[in-house]
Amino acid sequence: MKLQTFVYFQRQCMVSLCILFCLFSTDILAQEPATPQNQSTNYTNITLSGLIPKDFTNSTAKKYDRDKKKISKDNKRSVRLAEEYFYQESNFIIAELLRSGKVFYDDPITQYVNKVADELLKDDPKLRKEIRIYTVKNPSANALTTNDGIIFVNWGLLERLENEAQLAYVLAHEITHYRDEHVIDNFLESTKIQQGVGVYKRSSYLDRVTAQTNYSKDLETSADLEGLELYLKTNYSTEATTSLFDILAYVHTPFDDKEINLDFFSIDSLFQFPANYKFDPSYNPIEVIDDEDSKTHPGLTDRKTKITDEVKGLDESGKQLFIVGENAFKEVQKMARYEIGKVYLYYQNYPMAIYHNWLLLQNDPNNKYLHKNIIKGVYAIAKFKNYYEYDDLVEEYEVSDIQGKSKFVYDFFTSLHKEESTVLALSMTQQYLNNYDKNDVEILKLREDLVKELVVANDYTTKSFKNRTHRVTAGKDEDELPTFNLSFVAKDSELKKLIAKIAKKKKSLKNNRAEVSDREYSQFRDKLRKKGYRLNINKLVIVDPFYLKIDTRKRYPRDYIASEIAQEYLGEKIKENADLLGMRTKVLSSLNLTQNSSEKFEDIAFLNTWISERLGYGRVDMVSIDYEQVQELSKTYKTSNFLWSGAVGLTESNAGAASKLFYALFFPPVLPRAIGPENYTYYYTLLFDLEEEQALIYDYNLVKMKDSDANLHSNIYYNLWQISRK
Amino acid sequence: MNPNYISRLLFFVCFFVLCNDLLAQSPGYRGKHFYVNYEAIPRISYIDGIEAVENIEYRDEDGNSLDFDGMLNSLNVKHNVGIHYIFSRGGIIGLEATLSAPQYFSRREESTGLYKHYRSKGRIFSVNYKRFNFIRKGYIAPIGNFIELRPVLYMNKVEELGRYNISSYLGNVYIPNLSAQTLNSDSFTGLGIAFAFGMQTIWFERLIPNYTFGFTYIPSLRQNSNYNLSGDAARAHSRALLADAGWFIDIKVGLGLLLF
């Protein structure tokens, strides 16, 4: 049932669940912070540790109440409403981001960025106290300011900057946004423009769009110039202010552009390319981006020109590129690059993950972490190819637009046959085991899974592993194909046993890979629900219950406050129902974090990353990127059963009320449907066995009823009963 | 029992069994629960397909006389109480008794010109099966929309209370004389089937408000043979028996209380 459920479910539920999970998807990884001495041979990902700041733990509703007091009563009602909604939405979106686990607060990278901010605002301690800076595990080169003084700096920006002074200028720009209240100003002006209030009353639609774009650009220019004033008060070099715009012009490419070739993918004696192997990658030249079409920011060239004019002729004496320290900057930048090497795996941009890690490998050739990331990337590509899903990924990559040398990796894997990709990945795992760590749990698991792929998807037998030297392809000369040597598989007794075991159930395993039509899925689901799950599970960890309340009749449909209250309530209700059934449960909720619960926060963040990753795989049955940590987590909680559950309450206006009233004359049961709005409740349950990384339940229930207590209880109890039933 | 009854009864029993299929049921709401339910049934009776036959009085399952000339024959409130068991996420089964206050009515006797006055007492016992199993609509008993199937056993009694001349009859209201001797009585029982659509939910984790709309089908509304019918009337009645059957509209509004 496990794999089948997975396969069938994705067709129907994936989109909706991904929408839900993207709201709290995370990318948080392993355990100990990196230390410089172990970086040459290995690297351990940064984790959430230390005291959790109040921004993460304070109630969002309280923050909203505090902000509401700032609203002037002199404003028009529509403006007051817009302002109220702005505070509500911004507080809750920021809270979601803060609790996502992507935001770091006490790691070496964030500490470093804060030191730069200290330097920048050393003459304005009051403002420094108001500003809180966190860093975000995100590969895009960006920084973001909120109206209440939080600045988020993406690791993708840090990995590209050349010096500390550039970072200081970015921070000066963002601090200006906060100090001059640009965020709320921009929102209110946009609202006025959209609503055609005041001076925009008689403006045409086109004029309004132009006005909105110009206003946003004016604020950006203002932040550039006033940020520069702040920046010039420090000892940071003025040169960095202009060179920053050159960096920003290349953010669509990796942090470096070196040529990679087939030699990297030739694996000792295991996988080799013949001399006349035909593969001609096509490269696109790297072009600078100017962003002149952006609706929010002025073009980079304009910005650079304005800043260059401002700093022209200024005295550079005593000015420095590094104040906190060059070594510290390089250390932080290296960490950011190492982290992002793995983030690309979560983003399913496997060719970029391979290229990014390969770039880092040039300076650190024996780093196990980088090798593992590359193997995981090749493994994922092989798996997607074996499930015939890789073409969809390639479409998302928009390969034809990729600039620079990284395009080689995209083209190479597009040209590679599924069998060749699988053998390449398998050879890489074996090479890693031979060269670095023969007991690496993750690589051993990947190797096992790749052998399974060859047997199930490529019809390999023990004999094939012994004798096959290249892919069997009609019409192509053998000497044009990569050569294999997989005899190590045939020699390994454990793998031989595995092959024999898989061969027996090959047919059913193959069936699990088949495309499933909506109708088939529907029949399967009905059958499964009729049969019942009978899992006999009495111990569960409930991860971050989710709740969303939407009323599409309102101008601002999403009710953030009610959603947060309902989210907390849902956790309690799940626990209550589990107790009724005699189940032992632990609820991990990011809503009731305290300053000392960083371990719990780390676990929630990791689990949400993991579930997000699994849902992203669709019907491809993959070993997780963090397989080893997943195993450890189930040991920590003494159960491998983790439940993700949530509800969405949707209220819509009653579209056919008049016709329903008419029908009610002849058939009175329709009458209640004609009165009041239409309500829907969507309740979903995902139960996973973490040890096996398999779905035990993928179920959802869409009821055309209000999300009343009774409705929720019914759904919760029903699902838990199915789980606990013998 | 009339063979027609048996075949119809068998049909309904089979239908009932089929409805209650072998789903891997989990209990609805929060476990297997009993609840008691009270329903008020404003009754509008409708009879179809029977032509008027002189001197033959038809009654609904309560014993109320049905007027052939109009659709709307009687409007009263019956009281339905029952105990129900939520045995699965898709099903509730219950035992119900429907009671109504005794009804009084009169009828003019052509031969004497006197009015005969009657008291009718009606009781209905039924097995109530509610099915929430619209799997794709997601209802989980006892919450949501349901269909209701209710085989009914009606047990009625009509008593003749006396004959009075017109002067003792006050308008449309007969004041029963409790000391009056019962002159004649007629008991009759029969089977029927009720089918309804409904919806219900739970308030305050305890109360179950509900309403249903449906029909009761009475296979035959024949008169009990105890009546002293004239030869012609008896023949007419026999003819009518071949085709007569009745549909009654039920609208029920109720409130349940979860017990344990």
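The values are calculated or read from the model by the stated rules, or taken from the named source; none is laboratory data. Computed from a prediction, not measured in an experiment: that's the story for all the values here. Every residue, glycine as well, gets a Cβ built from its backbone with ideal geometry; the counts of neighbours run over all protein chains shown.
Return the residues of the range A:509-567 that are in contact with a Phe, Trp or Tyr (Cβ under 8 Å, 6 or more places away or on another chain) and within 14 Å of chain B (Cβ to nearest Cβ); say none if nothing qualifies.
Residues satisfying the conditions are A:Y521, A:F524, A:R525.
Kindly evaluate B:I147 against the criterion of being closer than 23 Å to A:Y682 by Cα and modelled with pLDDT of 80 or more.
yes
Can you name every residue in the range A:686-714 that is closer than 21 Å to A:R584 by Cβ and either touching a Phe, Trp or Tyr at 6+ places or on another chain (Cβ under 7 Å) or facing chain B (nearest Cβ under 10 Å) (or both)?
Residues satisfying the conditions are A:L686, A:F688, A:L690, A:L696, A:I697, A:H713.
Return yes or no: is A:N679 out of contact with any Phe, Trp or Tyr (no Cβ under 9 Å at 6 or more places or on another chain), in a strand (DSSP E or B) and of a type outside the set (V, I, T)?
Answer is yes for this residue.
Quick one: which of A:S400, A:S421 is surrounded by fewer than 21 Cβ atoms within 10 Å (Cβ to Cβ) and either in a helix (DSSP H, G or I) or acidic (D, E) (or both)?
Residue meeting the stated conditions: A:S400.
Could you pull out the residue among A:L643, A:L661, A:L633 that is touching a helix residue (DSSP H, G or I) at 6+ places or on another chain (Cβ under 8 Å), in a strand (DSSP E or B) and more than 14 Å from chain B (Cβ to nearest Cβ)?
Just one listed residue meets the conditions, A:L643.
With in contact with a Lys or Arg (Cβ under 8 Å, 6 or more places away or on another chain) and either over 20 Å from A:N235 (Cβ atoms) or surrounded by 20 or more Cβ atoms within 10 Å (Cβ to Cβ) (or both) as the only criterion, which of A:I150, A:I133 stands out?
From the options A:I150, A:I133, the qualifying one is A:I150.
Scanning for something surrounded by fewer than 16 Cβ atoms within 10 Å (Cβ to Cβ), within 30 Å of A:Q629 (Cβ to Cβ) and at pLDDT 90 or above, does the range A:476-493 turn up at least one residue?
yes
Each row is one residue, and each column tells you yes or no for (1) under 21 Å from A:G616 (Cα atoms); (2) not hydroxyl-bearing (S, T, Y).
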position	(1), (2)
A:D315	no, yes
A:E326	no, yes
A:K334	no, yes
A:Y350	yes, no
A:K368	no, yes
A:V394	yes, yes
A:E398	yes, yes
A:G404	no, yes
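Looking at A:T685, A:T681, A:T651, A:T636 in this structure, which one is in contact (Cβ under 8 Å) with a residue 60 or more places away in the chain and polar (S, T, N, Q)?
The unique qualifying residue is A:T651.
Given the criterion part of a helix (DSSP H, G or I), surrounded by 21 or more Cβ atoms within 10 Å (Cβ to Cβ) and at pLDDT below 85, identify the matching residue among A:Y8, A:Y85.
A:Y8
So for the range A:521-543 (the condition being in contact (Cβ under 8 Å) with a residue 12 or more places away in the chain, among the polar types (S, T, N, Q) and outside the structural domain of A:N592 (by TED's automatic domain parsing)), does at least one residue qualify?
Yes; the residues of the range A:521-543 include at least one that is in contact (Cβ under 8 Å) with a residue 12 or more places away in the chain, among the polar types (S, T, N, Q) and outside the structural domain of A:N592 (by TED's automatic domain parsing).
Does A:E572 satisfy the criteria of being surrounded by fewer than 18 Cβ atoms within 10 Å (Cβ to Cβ) and either closer than 23 Å to A:F86 by Cα or over 25 Å from the mean Cα position of the chain (by Cα) (or both)?
yes
Within the group A:T176, A:T146, which residue is in contact (Cβ under 8 Å) with a residue 40 or more places away in the chain and under 24 Å from the mean Cα position of the chain (by Cα)?
Sole residue among the options that is in contact (Cβ under 8 Å) with a residue 40 or more places away in the chain and under 24 Å from the mean Cα position of the chain (by Cα): A:T146.
Looking at the range A:575-583, is at least one residue part of a loop (DSSP other than H, G, I, E, B), buried (at least 16 other Cβ atoms within 10 Å of the Cβ) and in contact with a Phe, Trp or Tyr (Cβ under 9 Å, 6 or more places away or on another chain)?
Taking every residue of the range A:575-583 in turn, at least one turns out to be part of a loop (DSSP other than H, G, I, E, B), buried (at least 16 other Cβ atoms within 10 Å of the Cβ) and in contact with a Phe, Trp or Tyr (Cβ under 9 Å, 6 or more places away or on another chain).
Kindly indicate whether A:K192 is surrounded by 20 or more Cβ atoms within 10 Å (Cβ to Cβ), modelled with pLDDT under 75 and among the charged types (D, E, K, R).
Spelling it out, A:K192 is indeed surrounded by 20 or more Cβ atoms within 10 Å (Cβ to Cβ), modelled with pLDDT under 75 and among the charged types (D, E, K, R).
Within the range A:503-519, does at least one residue satisfy the condition of being without any contact (Cβ under 8 Å) to a residue 12 or more places away in the chain and within 22 Å of A:D268 (Cβ to Cβ)?
no
Which one of these is assigned to a helix (DSSP H, G or I) and more than 17 Å from A:D699 (Cα to Cα): A:E515, A:E494?
A:E494
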